[in-house]
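Read-outs: derived from the displayed coordinates by stated rules, not from any lab. Remember, it's a predicted structure, so these values are computed and weren't measured experimentally. Every residue, glycine among them, receives a Cβ derived from its backbone with ideal geometry; neighbour counts consider all protein chains shown.
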Amino acid sequence: MSLSPDLLARIRAASDEHGGPRAAMLEALKLIQHEHGWVSDGHLAEAASALGVHRAEMEALASFYSLIFRHPVGKTVILLCDGASCWLNGAEEVREELKRRLGIGFGETTRDGRYTLLNVACLGGCDRAPAAVVGRDRRLVGPLSPAGVAALLEEGL
């Protein structure tokens, strides 16, 4: 599936708004992901062409950021912090409860496409450890507990 003319126009406009094509690359990736849920190889190539940058530059940038998804993900992505503070405050139990309740491992998506579980480096929410970021609005939640996982999933994120 190719990018819509409207999205391509917004990507080109980002170049002017952000001070040039290279400065707009991350914004372009975010725009694509917001509209499609992830950034496919084809989408990445189209964005690079629209900005007039080399595809390899876009790929390098996309692969650097763990919050740019390069594979299809579920409707709701749960990013569990893998930082030391979270581990010291019970992230392992939260991790196991997420896997148990959703029936998937990390890096996987539920069969119904509703949830994807991913590990992510420190989220900077150490005061809420163990913490996670959930949903398209990237809401930081925590401190999580196994019981809190149940409540989080029941509210539908």
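Given +1 at the Cβ of Lys and Arg, -1 at the Cβ of Asp and Glu and no other charges, the dipole of the stretch 5-64 around its Cα centre is 80 debye to the nearest 20. The calculated 222 nm mean residue ellipticity attributable to helices in the chain amounts to -14500 deg cm²/dmol, summing -39500 (n - 2.57) over DSSP H runs of n ≥ 4 and dividing by all residues.
Dimensions of the stretch 76-154 from C-alpha coordinates, computed as largest minus smallest value along each principal axis and given longest first, are 33, 23, 21 Å. Charge tally for Ser4 (other residues, Cβ to Cβ under 11 Å; Lys, Arg +1; Asp, Glu -1): -2.
Entry note, the stretch 5-64: relative contact order of 34 percent, from Cα contacts under 8 Å with a spacing of 6+ residues. Just one of (i) 17.3, 50; (ii) 15.0, 47; (iii) 15.4, 51 is Rg and Dmax of the Cα atoms in Å calculated from these coordinates, so which is it? Correct label is (i).
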